[in-house]
C-alpha cells in the first residue's frame with residue numbers, strides 16, 4: 001500500500017523534502033511508516049521518537065493501522081521562548 005508523508009517544520013529538513021511517498025505492507029501502522037523513514041533518512045532516525053503523527057485533522061496513535069492512500073503529517077517538537 002502507498003502512503004503520503006507530509007513533513008512540517010524541522011522534519012522537512014531531516015527528511016530532505018516536504019512530501020514523501022512510501023510503499024508499505026498492507027496492515028502497516030504509523031510506527032512502520034516512521035521506521036521506514038528512519039531507515040531512509042539518518043537525520044530523521046536520530047529524532048524519530050520525538051515526532052508525533054497526524055492523520056486528517058487529529059494527532060493519532062502510531063500503533064493504529066494505516067490504509068492505502070492515507071496522508072500522514074509529521075509533527076516535530078516545537079519550542080517557544
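FYI, it's all coordinate maths here, none of it is from the lab. Not measured: the values here are computed from a predicted model.
Here are the numbers for this structure:
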{"quantity": "Residue-averaged 222 nm ellipticity for the chain, from DSSP H runs of 4+ at -39500 (n - 2.57), nearest 500", "calculated": "-6500 deg cm²/dmol"}
{"quantity": "Most mobile listed residue (19, 37, 66) in the chain, GNM with C-alpha springs under 10 Å", "calculated": "19"}
{"quantity": "Evaluated at q = 0.14 Å⁻¹: base-10 log I(q)/I(0), Debye formula over Cα of the chain", "calculated": "-0.39"}
{"quantity": "Principal-axis tilt of helix 30-40 within the chain, Cα atoms, nearest 10 degrees", "calculated": "70 degrees"}
{"quantity": "Computed lengthening from residue 35 to residue 52, 0.36 nm per intervening residue step minus Cα-Cα distance", "calculated": "4.8 nm"}
{"quantity": "Potential lengthening between residue 17 and residue 43 on full extension [0.36 nm per residue; Cα-Cα distance subtracted]", "calculated": "8.1 nm"}
